[in-house]
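The values are calculated or read from the model by the stated rules, or taken from the named source; none is laboratory data. The structure presented is a predicted model; accordingly, all values stated were derived computationally and were not measured. Every residue, glycine among them, receives a Cβ derived from its backbone with ideal geometry; neighbour counts consider all protein chains shown. Quick note on the areas: whole protein, heavy atoms, side chains included, nothing else; ligands and nucleic acids left out. Shrake-Rupley method; radii C 1.70, N 1.55, O 1.52, S 1.80 Å.
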Amino acid sequence: MTLNEHTMNMFGKNYVINLFENPDGQKFNVVAAKTANLHFHGDIHSHATWFPGMSWQICVCQSCKQHMGWYFRPMGDNVGVDDKKSFIGLVVSKLISAEYLDWVVVPRGEF
């Protein structure tokens with residue numbers, strides 16, 4: 001269940017951000033994405049899902065193994081990873097905006 005919903009401009013485009021809370025009381029601002037270059041980690045769970053009828057699995061960065069979000073897929077035995085209703089919920093605070101990247105990265109020859 002969404003605690004709050006708002007629109008945020010990221011990477012030059014407006015996205016709907018949902019605030020969720022897990023059973024441990026941790027809150028996450030989450031944006032839905034169809035794909036992401038992440039690794040699915042651990043078991044698939046159907047309890048404590050934010051989306052009724054959907055199971056979830058933790059997603060981590062392939063390089064640093066940091067938690068980036070969750071892969072949501074319809075519950076059921078015959079559902080594959082490529083199901084059209086599946087999506088990835090990315091934790092907004094784990095994403096880097098283009099504006100931030102421009103600020104952090106120093107062009108070659110300027111240091």
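What to note about this one:
- With a simple spin-label model that places each label point 7 Å from the Cα along the Cα-to-Cβ direction, the separation between LYS65 and LYS13 comes to 3.1 nm.
- Contour minus Cα-Cα distance for PHE40 and ASP24 (0.36 nm per residue): 3.6 nm
- Of all lysines in the structure, the ones whose alpha carbon falls short of 21 Å from that of LYS85, not counting any fewer than 8 places away in one chain, are LYS34.
- Within-14-Å neighbourhood charge of TRP50 [Cβ basis; K, R +1; D, E -1]: -1
- In Å², nearest 10: area of HIS6 left accessible to a 1.4 Å probe: 70 Å²
- A Cα-only calculation for region 1-72 places Rg and Dmax at 12.8, 35 Å.
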